[in-house]
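This is the structure I want to talk about, given as structure tokens.
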Amino acid sequence: MTAAGLTTHTARGRALGVSHTTAMRVGTGEMPPSASMIARALLALNCRFDDLFEVVEVD
């Protein structure tokens, strides 16, 4: 998201329709993004899912 000019959690939150706190927590891995947040990110950045995310298995 930094490459898109979204360099602060506040800017990322605005672009994704969430608070800066939620943007920070998702960015640090503290909480997973919701399906709607993922959709908004893909639309805002005009990219594909695998451009932004890596799917990993958890035990």
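A short reminder: the numbers here are calculations on the coordinates, not readings from a lab. As the structure is a prediction and not an experimental result, all values here were calculated from the model. Using ideal geometry, Cβ is built from the backbone for each residue, glycine included, and neighbour counts are taken over all protein chains shown.
For Kirkwood radius over Cα pairs in Å, one of [x] 14.0; [y] 11.8; [z] 13.0 was computed from the structure I shared and the rest are decoys. Which label?
Among [x] 14.0; [y] 11.8; [z] 13.0, the one calculated here is [y].
Would you mind computing, in nm to one decimal, how far apart the modelled labels at Phe53 and Arg14 are, each placed 7 Å from Cα along Cα→Cβ?
About 2.5 nm separates the two model spin labels.
Can you tell which of Ala35, Ala15, Leu52 lies farthest toward the positive end of the dipole of the chain, using +1 and -1 charges on the Cβ of basic and acidic side chains (Lys, Arg; Asp, Glu)?
My answer, from the dipole projection, is Ala15.
Hey, another quick one. Once you keep just the Cα pairs under 8 angstrom separated by 6 or more residues, what percentage relative contact order results for the chain?
Details: 35 pairs, mean separation 14.8, N = 59.
Averaging sequence separation for qualifying contacts and normalising by length gives 25 percent for the chain.
Sticking with this one: If you place +1 on the Cβ of every Lys and Arg and -1 on the Cβ of every Asp and Glu, how big does the dipole about the Cα centre of the chain come out, in debye to the nearest 20? Intermediate values should be presented prior to the final figure.
Values: 5 positive and 6 negative charges, 90 e Å.
So the dipole magnitude of the chain works out to roughly 440 debye.
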